[in-house]
1. Give the residue from VAL55, LEU39, PRO17 lying farthest towards the positive end of the charge dipole for the range 8-89; charges sit on Cβ (+1 for Lys and Arg, -1 for Asp and Glu) and the dipole is referred to the Cα centre.
2. About the Cα centre of the range 108-200, how large is the charge dipole given +1 on each Lys and Arg Cβ and -1 on each Asp and Glu Cβ? Please answer in debye to the nearest 20.
3. Per the Kirkwood formula on distinct C-alpha pairs, the Rh of the chain is how many angstrom?
4. Compute the FRET efficiency between VAL189 and GLU156 as 1/(1 + (r/R0)^6), taking r as their Cβ-Cβ distance and R0 = 25 Å, and round to the nearest 0.05.
5. Does anyone have the angle between helix 188-203 and the longest principal axis of the chain? Alpha-carbon axes, 0 to 90°, nearest 10?
6. Can you list the HN-Hα couplings for the range 108-124, worked out from phi with the Karplus curve (6.51, -1.76, 1.60; θ = phi - 60°), rounded to whole Hz and with x for Gly and Pro?
7. Applying the Karplus parametrisation 6.51 cos²θ - 1.76 cosθ + 1.60 with θ = phi - 60° to the phi angles of the range 96-106, what ³J(HN,Hα) value in whole Hz is obtained for each residue in order, glycine and proline being reported as x?
8. How big is the dipole moment of the chain about its Cα centre under a simple scheme where the beta carbon of each Lys and Arg is +1, that of each Asp and Glu is -1, and everything else is neutral? Debye, nearest 20, please.
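Every number here is computed from the coordinates shown, using simple stated rules; none is lab data. Bear in mind the structure is a predicted one, so any value in this text is a computation, not a measurement. A quick note on method: Cβ atoms are made from the backbone with ideal geometry, for glycine too, and the neighbour counts reach across all protein chains shown.
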Amino acid sequence: MFTGIVTQRATVQDVVPAPLGVPGALRLVLALERPMAGLVVGDSVAVDGCCLTAVSVVGSTVAFEAIPETLRKTTLGRRRAGDRVNLEGALRLGDALGGHLVQGHVDGVGSVGGVERTGDDVRLRIALPDAMRGSTIAKGSVTVDGVSLTVGESDEASFTVYLIPHTLAATGLGEKRVGDPVNLEADVVGRYVEHHVRRALSAAPPSYSRPEPA
């Protein structure tokens, strides 16, 4: 579990086939800005919002492996050497919940539909993939490339977020351009509410209409 508060950025050092015996799996080797305290092999780290397991930790160099399913549903399969990614270590009991509860399970890949700059602030409009249509609400939470954000405006097909200078400095969102893909995770609480409401509605008997008197 994560909070969507990016702790540092890392540079993709190498992307190679993973020695997993799984065709299409990749190993991503990242050069961190600084070592992550206490990080050991087997720990979970959110990489651009995608929960991955560290398979190698040598100082500030950490490697992760991603299977084809992960690569299909996230932007990680498009990463190349030199790219920068957002990182967050897993939440520990007692840590401050500065953002919102984030699973690191990407729901889909959206795309930047608009970028507006007003002084030091940036407004991003993000188009939702079909599978996530209607999954955001104004003033609700959403995770974009691992960053916990508050939804400004929302409709069925897209939503808007406003980025303050700190977010621009601490993450890569300020570098986004129209058309760029982004990993999206809907608010986990809203996801479960929607799931159970849909189940209840599908199981409900047809409403009974009293016949009009002749």
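1. PRO17
2. Numbers: 10 positive and 13 negative charges, 39 e Å.
Around 180 debye, computed over the range 108-200.
3. Final number for the Kirkwood radius of the chain is 18.5 Å.
4. Working: r = 20 Å, r/R0 = 0.80.
For R0 = 25 Å, the calculated efficiency reads 0.80.
5. 30
6. Along the range 108-124, the couplings run x, 9, x, 9, 6, x, x, 9, 10, 10, 10, x, 8, 9, 10, 10, 10 Hz.
7. 5, 9, x, x, 8, 5, 10, 8, x, 9, 5
8. Working: 21 positive and 24 negative charges, 45 e Å.
I would put it at about 220 debye.
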